[in-house]
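The values are calculated or read from the model by the stated rules, or taken from the named source; none is laboratory data. The structure displayed is predicted, hence computed values, not measured ones. Here the Cβ is made from the backbone with ideal geometry for all residues, glycine too, and neighbour counts use every protein chain on show.
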Amino acid sequence: MSEQGFQGSFRQSMTWLHTWVGLVLSLVLYFMFITGSFGYFNAEIDHWMKPEQVRMASLPSTQTLAETGLHYLQREAPDAKEYWVTLPSGRHSNSLTVYAELRAPNAAGEGYVYQQLNPITGELASAVRETGGGDALYAMHYALHYMPYEVAIYIVGVATMFMFIALLTGIVIHKKIFVDFFTLRFNKGQRSWLDGHNMSSVLALPFLLMITYSGLIFYTFDYLPSIKVLTMGAGEEVEEAMEAHLYPGSDSIELTGEKASLVNLSAPLAAAESRWPHTPIHYVNVSNPGDSSAVLRFMPKSSGVSRGSEAMAFNGVTGALMSDPPTMPASAVFSDAMMALHEGHFANIWLRWLYFVSGLVGAAMIATGLVLWAKKRRQRLGKRGTAGFGLVLIERSNLGIVVGLPLGVVAYFWANRVLPVDMVGRGEWEMHCLFLVWLASFFHAGLRDLACAWREQVGLLAALSISLPLLNAVTTDVHLVATLREGDWVRAGFDLTAIAFGVALVAVWRVLPGSSSAAVSRRTRRTLRKEADNLAAAANEKVNV
Amino acid sequence: MFLVGLLLTTVGLFCFAASQAKQAALMFGTVPSSSLQRANRGLAWALLLGSTLLGISTYGFGVGLVSLFAWVFTGGWVIALALSWRRRVAS
Amino acid sequence: MVSHARQKSDISASYRWQVLARVLLASLGGFALTSMAGAFLVVAFEQSGMMAETQAVHIMTLVGFIAWCLVAMWVFAHGHLLKLTLTMFASTLAFTGLYFLLR
């Protein structure tokens, strides 16, 4: 490596790269971090956004639940490759999720059936308002919105690579990683923004590296197909060979064509439950349902960092125990663990909160980086210079990105309560509200005096956030008092978090430049007071002399 | 156990900060002697090792490690915010 | 009217070409280099009997993401554009040659 890099020294070149890979797709990255963070609470947000949803007091037995799910699938998807029934547990205690992979697209043109059932009645959980809920919010962090999935994942992929390079260059250019571990100086202008940027990235670095790299792993062969294509070729057989290698035992079984009904669940289920006495059965899977070659599998919830939990397989017709599938190869165990870390299904409530906060800190890292870029440019310009188009554009769009998107998300929650409950296309309109408000934020940032616009948008965000529980109380009967009394901590937690966010934002709003109580003026006042005291003391001394 | 681990890690990071002249000066008003700094650093590593072992023994290797990172993250922020508050009081 | 913002950052035509060339080298060049090196290593591992092809492909693709990023960083760290371009072409060609030789 040469001494002189592209932009002077090695460090300067890496700083240049860090700045630009961070800046260019920051909009997409910030969007991914914000919406992805909310994904760690998708079920909780869902519960809040479906105020009609009743909490199940007591659930039927595992066997009844599994049969309820399977009966629904046998009725609605008789010709399917696979059935999956996810039993209610933990965070998903309200719903019985059924999924079938069809052999041919159904009347709606879809290759699958996916439903949430009422665990007690086995009917569609339809008595709730139509809403995108937490899942639509979460799905946007990899599938974006208003565009085909195939396009979205590649935009997301490029952004993720940029993020990865930004992280690696960030590590390389960092001089004193351990000193910066604790250094956070407020009210120091640009220096404070840099401290904030460093703090948010250094402390969350393991999380950030993991979340970025594992994000690529989800689409390993979509993002980097070349090595596979060069050596193994392309096509269906190659895909299947790879699948069979990475996930042995998952390859499809030949159909016999003979019709056969599924074995009674009680004996196999009892065998599975005695194998895992401490973890409840979480998934029920049937391959080739309705055929004499059917295989029935039970899986407990994985307790460690892995997605594919252990399974116990039975002959789907006779109920005879089948041998366990061979273990996965090391590289598949690794990639599986990375994806499990990304999704965090294993996380208890404490870790879940930290996942959420880490994600938001990642977003804060992008936000501080953006503001820092603009501040540096301004400073370099000095007092004489006029800002070029690029700087003005970024200064203005920074506000639209950093505050505009959270405004959109709060608008999404507001829309959930404000839009008429029986509105047609309600779920999609909630989403439109998010993007319309976000767009409006860009216009507002572009047209208004910038300092005023920051104060107004942060103020509005704080107000909308704090008043969310009030809106909830006015429009539904699951208001904070009721949920607290009932012990519905999921809904109460949502309301309380909204208030906490709002209060934190009020604190931010107070120190924004231009506010009457801004920290700058507080500092000035303090200095003035000190000077006045000194003068008074000096005067006193004179008098005494 | 999660909170015990968090406490252990935070105290470890506190010792770590105390082993740095710049941060220690902020915390105690004086710079501790170099042998005291070394002792603090040793104690910090010992405590962090302890919380690592605690995490792994409680939650297993994978989840234990994730918990450790989460504790360092939280403890680091707590200490950084406390230090910046000290700095403000000092100035 | 010449903007004052341009004063220091020197956005000359040659600078723009430099950036464009390096972006292309880092993206397309990096992709080609990573792919060919990965493909060569897969074939090498397979021929030496160290691991099955599918296994080698999976490992090399997982490593490939990191390698591609490092190549991109190298492209921007290197001072001499011409030397850099030649080195990248030469190494990609070398891996391609080795890959066809072993296959």
* Pairs, please: C-beta under 8 Å, at least 6 apart or cross-chain, first residue over 21 Å from C:M73 (Cα atoms) and in region C:88-103, second part of a helix (DSSP H, G or I) and of a type in the set (V, I, T)? -> C:Y99/C:V43; C:L102/C:V43; C:R103/C:V43
* Could you tell me whether A:I177 is among the β-branched types (V, I, T) and within 14 Å of chain C (Cβ to nearest Cβ)? => no
* **Residues that are in a helix (DSSP H, G or I) and surrounded by fewer than 17 Cβ atoms within 10 Å (Cβ to Cβ), drawn from region A:211-228** => A:F221, A:D222
* Which one of these does A:S9 not meet: (1) under 29 Å from A:A270 (Cα atoms); (2) surrounded by fewer than 15 Cβ atoms within 10 Å (Cβ to Cβ); (3) in contact with an Asp or Glu (Cβ under 9 Å, 6 or more places away or on another chain)? -> (1)
* Has region C:39-51 got at least one residue that is under 16 Å from A:P225 (Cα atoms), among the aromatic types (F, W, Y) and either surrounded by fewer than 17 Cβ atoms within 10 Å (Cβ to Cβ) or facing chain A (nearest Cβ under 7 Å) (or both)? -> no
* Considering region A:260-302 alone, what residues qualify as being buried (at least 16 other Cβ atoms within 10 Å of the Cβ), of a type in the set (D, E, K, R) and farther than 22 Å from A:L96 by Cβ? -> A:D291
* Can you pull out the strands (runs of 3 or more DSSP E) entirely within region A:45-155 that have at least 3 residues that are of a type in the set (A, V, I, L, M) and without any contact (Cβ under 8 Å) to a residue 60 or more places away in the chain? -> A:96-102
* Checking A:A271 against (1) away from chain B (no Cβ under 14 Å); (2) in a helix (DSSP H, G or I); (3) out of contact with any Leu (no Cβ under 9 Å at 6 or more places or on another chain); (4) not basic (K, R), the condition it does not meet -> (3)
* Asked: Can you tell me how many residues in region A:478-519 are at pLDDT 90 or above and among the acidic types (D, E)?
  -> 1
* Which of the residues belonging to region A:189-204 are at the interface with another protein chain (Cβ under 10 Å from one of its Cβ atoms) and closer than 15 Å to A:Q379 by Cβ? -> A:S192
* Tally of residues being of a type in the set (A, V, I, L, M, F, W, C) and crowded, with 17+ Cβ neighbours inside 10 Å across region A:242-259 -> 2
* Does region A:247-255 contain any residue that is closer than 30 Å to A:I173 by Cβ and either more than 14 Å from chain B (Cβ to nearest Cβ) or more than 34 Å from the chain's Cα centre (by Cα) (or both)? -> no
* To do: Answer yes or no: is there a residue in region A:165-172 that is within 14 Å of chain B (Cβ to nearest Cβ), farther than 20 Å from A:V371 by Cα and not β-branched (V, I, T).
  => no
* Go through (1) over 12 Å from the mean Cα position of the chain (by Cα); (2) more than 7 Å from every other protein chain (Cβ to nearest Cβ); (3) surrounded by 20 or more Cβ atoms within 10 Å (Cβ to Cβ) one by one and return the number of the condition C:L25 breaks. => (1)
* Only one of A:A337, A:A332 is farther than 24 Å from A:A80 by Cβ, in contact (Cβ under 8 Å) with a residue 60 or more places away in the chain, of a type in the set (G, A, S) and in contact with a helix residue (DSSP H, G or I) (Cβ under 9 Å, 6 or more places away or on another chain); which? -> A:A332
* Structure fact -> Within region C:16-41, the count of residues that are under 15 Å from A:F221 (Cα atoms) and out of contact with any Leu (no Cβ under 6 Å at 6 or more places or on another chain) comes to 4
* **All positions within region A:342-356 that are without any contact (Cβ under 8 Å) to a residue 40 or more places away in the chain and surrounded by fewer than 19 Cβ atoms within 10 Å (Cβ to Cβ)** => A:E343, A:N348, A:I349, A:W350, A:W353
* Do we find a residue being within 10 Å of another protein chain (Cβ to nearest Cβ), at positive phi, touching a residue at least 40 places away in the same chain (Cβ under 8 Å) and touching a helix residue (DSSP H, G or I) at 6+ places or on another chain (Cβ under 6 Å) anywhere in region A:223-238? -> no
* **Test: residue in region A:349-361 that is over 30 Å from B:V63 (Cβ atoms) and among the aromatic types (F, W, Y)** => no
* To do: Determine whether region A:302-312 contains at least one residue that is farther than 30 Å from A:L496 by Cα, more than 26 Å from the chain's Cα centre (by Cα) and part of a strand (DSSP E or B).
  => yes
